[in-house]
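First comes the structure, then the notes that go with it.
FYI, it's all coordinate maths here, none of it is from the lab. Please read all numbers here as calculations on a predicted model, not as lab measurements. For neighbour counting, all protein chains shown are included, and Cβ atoms are generated from backbone atoms with ideal geometry for every residue, glycine included.
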């Protein structure tokens, strides 16, 4: 039962995460292009790409998972220890980051979804709680899943996020100007401050 659960969680992870991360790279890398293209063509094209990638990754799931390292009480305990604060972070983030922002609508359809600079709540302690949440979450999942190449997915995730953040921040600076520059100066990027430091 546990081994089957680990396997299917592994399949879910290796089939979806590498397919979803390019969405943010493309959205933040070329926001002007997507704005010109329009909301619905952008969503159709992007989600079509995501589902196509999921299909390719799912078809190659055995190669992507690699060798089963077996269930480990130690790695599972560590996974739980990492995942519990991740859930708390997710709840704190969800109070402010609505689905419209999460899907990037203010980036490529600002006329329909007014952009707003988030500085309240968890966003006064860390600029990118969603990315930290993803990094911690996939690390916890990988420790529980415990297949050799799943840890590569964690590495891919971290590298991809570190490449996406500068693109996103460049776009946010262009959109919000001085208020975002001040926010960057006072609030840490990925390591939360112990006190609220937002403007």
Review point. What would the Debye formula give as log10 I(q)/I(0) at q = 0.12, 0.13, 0.17 Å⁻¹ for the alpha-carbon point model of the range 117-199, no solvent?
Key: -0.41, -0.48, -0.72
Point to revise | Per-q log10 I(q)/I(0), the range 63-160, q = 0.12 Å⁻¹ (Debye; single scatterer per alpha-carbon; no solvent) | key: -0.51
Check your understanding: So how tilted is helix 39-59 from the main axis of the chain? Cα-based, degrees 0 to 90, rounded to 10.
Key -> 20 degrees
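So what's the projected area for the range 2-186, the Cα convex hull averaged over all directions, in nm²? Before the final figure, lay out each step's value.
On the way: hull surface 43.6 nm².
The Cα convex hull of the range 2-186, projected and averaged over all directions, gives 10.9 nm².
Between residue 191 and residue 49, what's the calculated FRET efficiency when r is the beta-carbon distance and R0 is 35 Å? Round to 0.05.
Details: r = 32 Å, r/R0 = 0.91.
According to the calculation, E is roughly 0.65.
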**Study point:** Angle in degrees between helix 129-145 and the longest Cα principal axis of the chain, rounded to the nearest 10
**Key:** 0 degrees
Exercise for review: Mind pulling the angle between the C-alpha long axis of helix 2-29 and the longest principal axis of the chain? Nearest 10 degrees, somewhere in 0 to 90.
Suggested key: 20 degrees
Exercise for review: Note the full-extension length gain between residue 114 and residue 77 as 0.36 nm times their separation in residues minus their Cα-Cα distance, in nm to one decimal.
Suggested key: 9.1 nm
